[in-house]
1. Please determine, in degrees from 0 to 90 and to the nearest 10, the orientation of helix 96-116 with respect to the longest principal axis defined by the Cα atoms of the chain, where the helix direction is its Cα long axis.
2. For residue 120, put the label point 7 Å out on the Cα→Cβ axis and report which residues of region 1-33 keep their amide N under 15 Å from it.
3. Out of 80, 122, 20, any idea which swings most in a Gaussian network model of the chain, alpha carbons joined below 10 Å?
4. Output the antiparallel fraction of DSSP beta bridges having both residues in the chain, as a percent to the nearest 5.
5. Let's test the formula: R0 of 22 Å, r as the Cβ-Cβ distance of residue 2 and residue 132. What FRET efficiency results, to the nearest 0.05?
6. Where is the GNM fluctuation largest for the chain (alpha-carbon springs, 10 angstrom cutoff): 52, 41, 112?
7. In a Gaussian network model over the chain where Cα atoms closer than 10 Å are linked, find which of 111, 87, 42 has the largest mean-square fluctuation.
8. Can you compute the label reach from residue 11? Point 7 Å from Cα along the Cβ direction, backbone N cut-off under 16 Å, restricted to region 97-139.
């Protein structure tokens, strides 16, 4: 089926969702969750880094990973912010190694919170217009 409006539910792995959001926060590349035709009621979205336009017909749907997240999703912890947090802690002594470790811990915590921020439903953009789908997080 080539009608993207037929999609009622979208499944995505937590790993793909987190990787897409993190890629968009930390690089100049555009990561999406790609849904490839033929379209049906239940579809799987997979991590995809966009490299120009596709000539396929019907075209795959590129879902902005942020669309699957709720409004209370925490912001990605930037290195400058985690450095400021560490320097402001009176119980910690700042070192480059300690900052690297602290930042890695904050990113790991963010990844966990991101998984918890996935909504049950989302509106995705398709070539046939917006459509609302159930969201199923795998893994």
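1. 30
2. 9-10
3. 80
4. Here the antiparallel bridges make up roughly 60 percent for the chain.
5. E between residue 2 and residue 132, to the nearest 0.05, is 0.70.
6. Largest GNM mean-square fluctuation: 52.
7. In the Gaussian network model the winner is 87.
8. Once the point is set 7 Å along Cα→Cβ of residue 11, 134-139 turn out to lie under 16 Å by backbone N, inside region 97-139.
No value in this document is a laboratory result; all are computed from the given coordinates. Model, not experiment: these values are computed from the prediction. FYI the Cβ positions are ideal-geometry reconstructions off the backbone, even for glycines, and counts take in every protein chain you see.
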